[in-house]
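Chemist: I have a structure I would like to understand better, so I am pasting it below and will then ask my questions one at a time.
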Amino acid sequence: MILLINPRTSKPSEVRSQFFREPNLGLLYLTAILDLNDIPVDILDLEQFVDLNEVELENIIKERIADYKIFGITSLTNTFHLALRVAKIIKNYDKDNYVILGGPHVSFIYKDILKNDIKTESLIDFICIGEAETSFLSLAKILTTQILNERRLDYYKMQLQSMKGIAYINSTGSIHVNHQIDEIDMEKLPLPARYKLSQDNYYYTVAHVIVNRGCPNQCSFCSRQNLFKKTRIRSIESILKEIRDIQSLQTYNHINFYDNINISKSFFRNFCRMFIENGIRIPWGCELRVDTINSEDARLLKEAGCQLIATGIESANEKVLKTNFKYQNPEQVRKGIINLKKYDIAIQAYFVLGLPGETEDSFFQTIEFIESLPLDKEDDLNYFVATPYPGSRLWDEREEFGITIFEHNFTKYDCNHIIFKTKELNKMELEKLFTKAKEIEKQYHRNI
C-alpha cells in the first residue's frame with residue numbers, strides 16, 4: 001500500500017561498497033511506525049541503483065511502484081528536484097497515486113512549493129511539516145481507509161483539516177495548513193526499521209544513529225533549531241538497544257552518531273561508558289563540539305572505541321563567529337584537537353567561507369589557524385561555502401545580516417556554490433577565496 005522513497009543523490013564515483021550508508025533515518029522511523037500499526041509499507045532506496053543511467057533508473061522506479069498507491073518521498077534543499085522527478089514518474093504512472101513529501105526543505109517553504117506545484121504539474125498531494133512520525137501515520141490511516149472503501153477524499157475533509165503538521169491544496173484550490181506539530185517523545189519511538197531495507201546491489205555497512213533532536217545553539221547557517229524547537233536527548237538504554245539491533249543484522253561495520261553528542265557533559269560521559277561497560281566493539285564516529293574536549297574526555301572517547309570525530313570549526317575569527325552566533329573560542333578548539341590527537345583519534349574538521357562578517361583578512365587568519373593545527377594523514381578537512389538554507393537565520397534574517405541572495409536555483413545549495421554576497425565580499429572575491437580554500441582542503445585528506 002505505501003512505499004517510502006529515498007531519491008538517488010550520489011554519483012557512482014562517490015560510492016564505495018565497503019562504506020555503503022543507509023538511507024535517511026526519517027524514512028526508517030516512519031516505516032517502523034507504520035509496520036507497528038499494521039499498515040503495509042516498504043522502502044525503495046534509489047542509492048542502491050547508483051550505477052544505472054537515468055533511463056534505467058526510471059524503469060526501476062516504474063517497476064517498483066506498480067503495487068503501491070501511497071508514496072512518501074524525502075529530500076533536502078539541493079535534492080528537492082530529484083524528489084519532484086520521482087513524483088512525476090509516480091503521477092504519470094497513475095494520476096490517482098498519492099504523493100507525500102517530507103524533510104527540512106519542504107517543511108520551511110511549503111507554501112511556495114504548493115503554489116508553484118498547482119500552477120505547473122500538480123505532483124504533490126500533501127506535505128508533512130517538521131517531525132512527521134505522528135502526522136504521517138494519521139495521514140496514512142485516512143488515505144488507506146479511503147482507498148480500501150473507495151470513497152472520495154472529500155469524505156474525510158474534516159479529519160484532514162484538523163490533522164496537525166500537514167499542508168495541502170484543498171478542494172477549493174486554497175492552501176490548507178495546520179501549524180500545530182506534535183513534539184515527538186524520542187523514548188516512545190520504535191527502533192528504525194532496518195529490517196525493511198532491501199540490499200539489491202550493496203550491503204549497508206554504515207549505520208546512522210540519532211542521539212538527540214534539536215540544538216541549544218543558534219548558528220546562523222543551521223536550520224536544526226528551527227526544525228526542532230526543543231532539544232531532546234535519548235536515554236542511554238534506548239541507544240544501547242539500537243546498537244545491539246544494528247549488530248544483529250551482521251552487515252554493519254561502522255556507526256555514526258548524530259548530532260553533537262556532548263551538548264550535555266553528563267550524557268557524553270555516560271555515552272562513552274556505555275561502550276566500555278557493555279563491551280561494545282563496533283567501530284564508531286560522532287559529531288561533537290571540540291572546544292569543550294579536555295584530556296580526560298579524549299581518553300574516554302578512545303577507550304570507548306571512537307575512531308573519528310566530526311566537528312564544525314567554521315572560522316578562526318572571533319568576530320565572524322560571534323556575528324553568526326557560533327560562540328566558540330578558536331584557542332579552545334585548538335586545545336580540544338590537541339587532546340584528541342594525543343589519543344590518535346581522527347578528526348573531520350569543517351570550515352565555512354563567506355559568512356557575514358568574513359573578510360579576506362579573516363579568511364587568511366583561518367588558513368593560518370588550520371596550518372597550525374596538529375592534523376595528520378588520518379584527518380580530513382572540508383571547506384564549504386556559507387549557504388542560506390530555508391529555515392536558517394541566514395535565510396529568514398538576510399536583511400539583518402546584510403547579505404544579498406542572488407542564486408535561487410536550489411540545486412546549487414550544496415555548500416559548493418556561491419549563493420549570496422555580503423557587505424564585505426562580492427561574488428568574484430568569494431570565488432577567488434573559495435578556490436584557495438579548496439587548495440587547502442586538498443592538503444588534508446584522510447587515507448581511505
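Chemist: Measuring from the lowest to the highest alpha carbon on each principal axis, how far does the chain reach, largest first, in angstroms?
Modeler: That works out to 67, 53, 41 Å along the principal axes.
Chemist: For segment 64-222, give the magnitude of the charge dipole about the Cα centre (Cβ charges: +1 Lys/Arg, -1 Asp/Glu; no others), in debye to the nearest 20.
Modeler: Dipole about the Cα centre, nearest 20: 280 debye.
Chemist: With a 10 Å cut-off between alpha carbons and a GNM built on the chain, which of I33, I127, I61 moves the most?
Modeler: Of I33, I127, I61, the most mobile in the Gaussian network model is I61.
Chemist: How large is the charge dipole for segment 48-128, taken about the Cα centre, if only the Cβ atoms of Lys, Arg (+1) and Asp, Glu (-1) carry charge, to the nearest 20 debye?
Modeler: 340
Chemist: Only helical DSSP H runs with n ≥ 4 go in: add -39500 (n - 2.57) per run for the chain, normalise by residue count and round the 222 nm mean residue ellipticity to 500 deg cm²/dmol.
Modeler: Helix-only estimate at 222 nm: -11500 deg cm²/dmol.
Chemist: Also, I was wondering about something else. Name the residue, out of R224, R85, R151, whose mean-square fluctuation peaks in a Gaussian network model built on the chain with Cα pairs under 10 Å.
Modeler: In the Gaussian network model the winner is R151.
Chemist: At most 15 other Cβ atoms within 10 Å and a DSSP loop assignment: could you name the chymotrypsin sites (Phe, Trp or Tyr not before Pro) in segment 349-448 that fit?
Modeler: Sites meeting the loop and neighbour criteria: F406.
Chemist: Report the residue, chosen from N324, N426, N262, that carries the largest GNM mean-square fluctuation when the chain is represented by alpha-carbon nodes joined by springs under 10 Å.
Modeler: Maximum among the listed residues: N426.
Chemist: Run the dipole for the chain about the Cα centre, Lys and Arg Cβ at +1, Asp and Glu Cβ at -1, nothing else charged, and hand back the magnitude in debye, nearest 20.
Modeler: 560
Chemist: Choose one of H208, S220, I181: the residue whose Cα lies farthest towards the positive end of the charge dipole of segment 168-245 (beta-carbon charges +1 Lys, Arg; -1 Asp, Glu; about the Cα centre).
Modeler: Working it through, the farthest residue towards the positive pole turns out to be S220.
Only the coordinates and a few stated rules stand behind these numbers; no lab work does. Owing to the predicted nature of the structure, the values given are computational and were not obtained by experimental measurement. When we count neighbours, we look across all protein chains shown, and the Cβ atoms used for this are built from the backbone with ideal geometry, even at glycine.
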